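K.L.:
Input: one structure, supplied below.
The values are calculated or read from the model by the stated rules, or taken from the named source; none is laboratory data. Model, not experiment: these values are computed from the prediction. Cβ placement follows ideal geometry from the backbone for every residue including glycine, while neighbour counts extend to all protein chains displayed. Note: accessible area is taken over every heavy atom of the protein model, side chains too, but ligands, DNA and RNA are not part of it. Shrake-Rupley method; radii C 1.70, N 1.55, O 1.52, S 1.80 Å.
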Amino acid sequence: MRILHLEDDRQDAELVQETLENDGIACQVVRVEAEAEFIASLQEGGFDVILADYTLPSFDGLSALKIAQQNWPRVPFIFVSGTLDEEVAIEALKIGATDYVFKTRLARIVPSVQRALREAAERSDLSRAEEALRRSEAYLAEAQRLSHTGSFGWNISSGEIYWSRETFRIFEYEPVDRVSTKFIIERTHPDDLLSVQKLIDRVSGERKSWDLEHRLLMPDGSVKYLRVVGHPSESASGNFEFVGAVTDVTERKEAEADLQRALDEIKLLRDQLYKENIALREEIDKASMFEEIVGESPALRAVLARVAKVAPTDSTVLITGETGTGKELIARAIHKRSRRCSRAFVTVNCAATPASLIASELFGHEKGAFTGALQRRLGRFELAEGGTIFLDEIGELPAETQVALLRVLQEREFERIGGSQSIRADVRVIAATNRDLASAIASGDFRSDLFYRLNVFPIEMPPLRERKEDIATLIEYFVHRYSRKAGKKIGAIEQRTLELLRSYAWPGNIRELQNVIERSVVVCETDLFAVDPSWLSFESSSPRESPEPIARKSPAQEREAIETALAATAGRVSGPTGAAAHLNMPASTLESKIRSLRINKYRFKRP
């Protein structure tokens with residue numbers, strides 16, 4: 001403890017310090033005699049107590065007390081003097097002295113100092129508490145102002161109502177001491193007056209929480225929207241009252257009205273655009289639906305004729321054919337010429353999605369339906385509402401999901417995973433597969449009743465080897481497409497290349513042809529298009545019995561089969577000698593499975 005002692009007698013100062021230390025109060029005493037020293041010491045700070053003699057040669061204790069009270073009021077001030085009479089002592093206490101001790105009774109200095117320190121600590125704690133309370137009240141008032149939320153208290157028995165300053169501001173009243181329900185009634189909008197009066201009458205006899213939105217009609221004619229929430233409370237003395245909040249929600253209501261007007265305008269514009277699109281579509285030539293389907297061969301024309309017949313209907317279509325023959329293009333062409341063309345066309349690759357997730361992918365799931373289902377998720381059938389869903393690789397669908405799909409096709413409804421509510425499905429279904437479904441039915445991998453539901457209107461895509469007439473047209477189409485993309489000008493196709501590509505059997509069909517041409521365009525350095533014959537595997541291009549594709553297996557079995565195929569093909573996925581051909585599946589499907597199973601295909605590459 002540090003003590004500033006205003007004393008001209010060194011021995012008296014030492015005696016005071018000795019008395020304190022003998023009683024266990026360790027202290028450091030700084031003795032000063034003059035006013036300048038006294039003020040300079042206080043300015044340095046760090047003193048816990050001021051002790052002062054009343055009379056000094058050039059200064060006096062009463063003047064020192066006034067200086068201390070004016071600038072350092074929190075430091076206790078005790079007179080220690082031998083000349084202090086009773087009247088002076090009383091005057092000193094009035095000014096702010098903590099205590100006075102006569103030098104003849106110096107033993108009193110110990111309890112006097114202890115009491116002074118204790119009271120100083122209590123005053124400091126009280127000051128901090130008061131400052132914290134003021135700061136808290138200021139924060140609350142500012143928070144209420146920023147959030148446009150006032151508070152209130154309503155004592156039912158006495159009728160007394162308390163409003164915060166923000167509540168007065170919301171109602172546009174000057175703050176007063178007494179508030180009554182009359183203040184509320186006067187400001188309430190006439191159309192809401194009955195509901196507000198009923199609430200006041202009801203809650204006066206009930207002890208229940210309430211939540212009411214109503215309007216205020218202000219003196220200037222403007223309207224405010226309020227939300228008032230009240231909660232019952234009972235004090236220790238048994239007084240019942242409501243406490244609650246009044247929120248000015250005018251801005252929110254106005255924003256909601258603006259949003260609704262904007263939505264109405266968007267709907268109007270959307271309807272206009274829809275009508276314009278209908279008129280525009282009527283002007284498009286029927287052939288435009290096949291703008292991405294290239295060829296004039298009889299086999300292709302037969303397919304397009306069937307597409308033109310089935311497209312305007314809602315019949316379910318099953319598209320079969322080898323991989324790479326353009327089954328998805330045909331599905332899109334059907335959708336484009338259907339009555340659903342303005343709505344969504346949603347594609348699902350049944351082979352690329354793990355068996356445990358395919359049902360959720362198709363039908364969605366509720367929150368908590370399974371581990372990891374942290375929120376509700378809409379399935380593809382809901383996303384395709386009013387439009388078309390294309391189920392590619394339908395032959396890879398798990399047995400349990402086949403049952404759910406059968407229900408959709410039969411009853412036009414389904415349930416989300418983990419849900420109990422049936423959802424109507426206004427969706428056209430187009431399915432595709434490169435598998436022999438008859439064999440899959442015979443082996444028990446595919447349900448016959450689902451097959452018959454899907455096979456309402458079958459379309460079989462011819463392989464490219466049966467469309468020899470289209471190869472030259474396709475070559476020209478892809479050369480033009482990829483040369484423009486690569487920024488190259490290719491003016492002619494080498495005759496030898498044309499004959500080479502016509503003689504090739506194309507086991508990968510159009511997709512393989514597309515890849516070969518894109519690769520050739522990339523490496524082409526002249527305006528004459530040519531293909532390296534080594535890129536074509538004639539020994540493997542003739543039609544032959546393909547191995548059975550991967551059935552629905554566990555992830556571990558799928559991983560083993562894919563890794564075995566990648567090892568056999570040195571990590572190559574696409575092409576006639578790639579892993580996809582070994583597994584009898586499209587390269588895009590195999591790539592999806594490699595990603596979902598997190599297989600590193602590059603480790604199978606050979607130097």
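K.L.:
Restricting the calculation to Cα positions, tell me the Rg (one decimal) and the Dmax (whole number) of the chain in Å.
P.N.:
Looking at the chain, its Cα Rg and Dmax stand at 45.9, 132 Å.
K.L.:
So for each of 320-326, 385-391 I average, over its residues, the number of other beta carbons within 10 Å; can you give me the resulting order with the highest mean first?
P.N.:
Packing order, densest peptide first, comes out as 320-326, 385-391.
K.L.:
Restricting to Cα pairs below 8 Å that are 6+ residues apart, what does the relative contact order work out to for segment 1-53? Please round to a whole percent.
P.N.:
The value is 58 percent.
K.L.:
From largest accessible area down, sort W210, W535; use a 1.4 Å probe on the protein chains.
P.N.:
W535, W210
K.L.:
Here's another thing I want to ask about it. Under 21 Å between alpha carbons, and skipping anything fewer than 8 positions from K66 in its own chain: which lysines qualify?
P.N.:
K94
K.L.:
What number, in percent, do you get for the relative contact order of the chain if the mean sequence gap of Cα pairs under 8 Å and at least 6 apart is divided by its residue count?
P.N.:
The normalised contact order for the chain reaches 8 percent.
K.L.:
Quick one: how many Å² of K309 are accessible to a 1.4 Å probe, rounded to 10?
P.N.:
That residue has around 150 Å² of solvent-accessible surface.
K.L.:
Distance cut-off 30 Å, Cα to Cα: go down the list K327/K593; K309/K485; K198/K253; K468/K605; K336/K488 and report the pairs above it.
P.N.:
Violating the 30 Å Cα-Cα cut-off are K309/K485; K468/K605; K336/K488.
K.L.:
Go through Y100, Y173 and list them by solvent-accessible area, largest first, probe radius 1.4 Å.
P.N.:
Y100, Y173
K.L.:
At a 10 angstrom cut-off on C-beta neighbours, averaged per residue, how do the peptides 504-510, 469-475 rank from highest to lowest?
P.N.:
Averaged packing, sorted descending, gives the order 504-510, 469-475.
K.L.:
Based only on Cα atoms, what Rg/Rh ratio does segment 375-488 have, Rh being taken as Kirkwood's radius? Walk me through the numbers on the way to the answer.
P.N.:
Values: Rg = 19.2 Å, Rh = 17.2 Å.
Taking Rh as the inverse mean 1/r over Cα pairs, Rg/Rh reads 1.12.
K.L.:
What number comes out for accessible area per residue over the chain if the probe is 1.4 Å? Units Å², please.
P.N.:
Result: 55 Å² of accessible area for each residue.
K.L.:
For the chain, what % of the accessible area comes from carbon and sulfur atoms, probe 1.4 Å?
P.N.:
Working: 16720 of 33180 Å².
Reported share for carbon and sulfur atoms: 50 percent.
K.L.:
Sticking with this one: Percent relative contact order of segment 1-105, based on C-alpha pairs within less than 8 angstrom and at least six residues apart? Please report the intermediate quantities before stating the final value.
P.N.:
Numbers: 159 pairs, mean separation 26.7, N = 105.
That works out to 25 percent.
K.L.:
Can you sort D191, D53, D532 by solvent-accessible area, 1.4 Å probe, largest first?
P.N.:
Solvent-accessible surface, decreasing: D191, D532, D53.
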